[in-house]
1. How far is the Cα center of the range 124-155 from the Cα center of the range 180-207, in Å?
2. If each residue of separation counts as 0.36 nm, what is the full-extension length gain between residue 200 and residue 99 once their alpha-carbon separation is subtracted?
3. Tell me the label-point distance for the pair residue 127, residue 92, using the 7 Å Cα-to-Cβ offset, in nm and rounded to one decimal.
4. For residue 139 paired with residue 165, estimate the spin-label separation in nm (one decimal), with each label point 7 Å from Cα along the Cα-to-Cβ line.
5. Provide the FRET efficiency to the nearest 0.05 for the residue 232-residue 265 pair, computing r from the beta carbons and using R0 = 30 Å.
6. So if R0 is 30 Å, what FRET efficiency would residue 217 and residue 303 give, r being the distance between their Cβ atoms, rounded to the nearest 0.05?
7. Label points 7 Å out from Cα along the Cβ direction at residue 291 and residue 83: separation in nm?
8. Taking H as built 1.01 Å from N, whose amide H comes closer than 5 Å to the amide H of residue 148, not counting residues under 5 places away?
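None of the figures in this text is laboratory data; all of them are computed from the coordinates on show. Here the structure is a predicted model, which is why all the values come from computation and not from measurement. Neighbour counts run over all protein chains shown; Cβ positions are idealised from the backbone, glycine included.
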Amino acid sequence: MSRRNWADGAIGVVVGVGIALLFLAWAVPGFRDPANGGQRQRAAIAAAGPTVPAPGQDAGDPPGYMDPCEAGQDNRRSDLCAQWKAADAAEQSAFWTTIGVIVGGLTLFAAGAAAKFARDAALHTETGANAAKDALDHAKTTSKLELRAYLTVVPDGINQLIGTTEALGHVLLQNVGKLPARNVSLFVYMEMSERNVKPEQRRKDFQTPEGRIQTERVIHPNGSMRQGCYNDHRIPMPEIFQATDHNIYVWGIAYYEDGYGVPRFTRFCHRYTTASRNRKINPHSLAIETQVVIAPDKARYHTYGNDAD
């Protein structure tokens, strides 16, 4: 049984007992009119005839001084009648006092039950309010996770720039979230591995700077930003064409704010194999237009060096 049903049942019992008492007071003559309890005594005394002076009674008292009287009859000359009326009044007062005590007790019980129900209801209300607050906080957290900016770094190939004989690793920074990414800074590095390195011996350590820099770069949802590696990390074209079994690593880190002012990062590492180079290119001639040395679709996300928050 729930607390509310228990409280309703308790109040119902109190009300039922109260109604039963009122019915008893109406139905039973002794309860309805306690003076009736003395009527039979009066009738017996009246049937016995004239009263005999009691010891100590003055025989010169006025006539009717000791005569009885019926309920509702007012005989101001009878001392016995006055005593009966006083007794009847005391009996009635005691009866209704008892009824009042019982009703008061039942009322106190009902008040206690109501107070307990109110306390339980307050506890349930507080519990419900806390649950609603937790649900609201969870919804806010979930909505922030769904709406925030997310930056991902996509391979954009190894390319030879115009007027150079050097290759440059490029990446494409994309916002796949639903809010603009602000204060975006991107660090890109590139190096070539040793020849014929077994997969289990491939490079694992890719250092990135911890410090963030303030910028005014903003990448909107579904927008992107292209960037190459630092100049001192460029690789001469002849080295790429001579290293037939090497890996080229393009790695780095992107820092940004996720649309709610929270700092985030995306760490990346792409791996290219020199065996996938474009053999149509002359590695010794200056490029008159940008040339793709190793295409973006030849890149692989390396086993190490990738992370995000």
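1. That distance is 34 Å.
2. Fully extending the segment from residue 200 to residue 99 adds 26.8 nm.
3. In this crude label model, residue 127 to residue 92 measures out at 5.3 nm.
4. For residue 139 paired with residue 165, the spin-label model returns 6.7 nm.
5. Values: r = 23 Å, r/R0 = 0.77.
The computed FRET efficiency comes out at 0.85.
6. So, using R0 = 30 Å, E works out to roughly 0.50.
7. With each label point 7 Å from Cα toward Cβ, the separation is 14.2 nm.
8. Long-range HN contacts for residue 148: 178.
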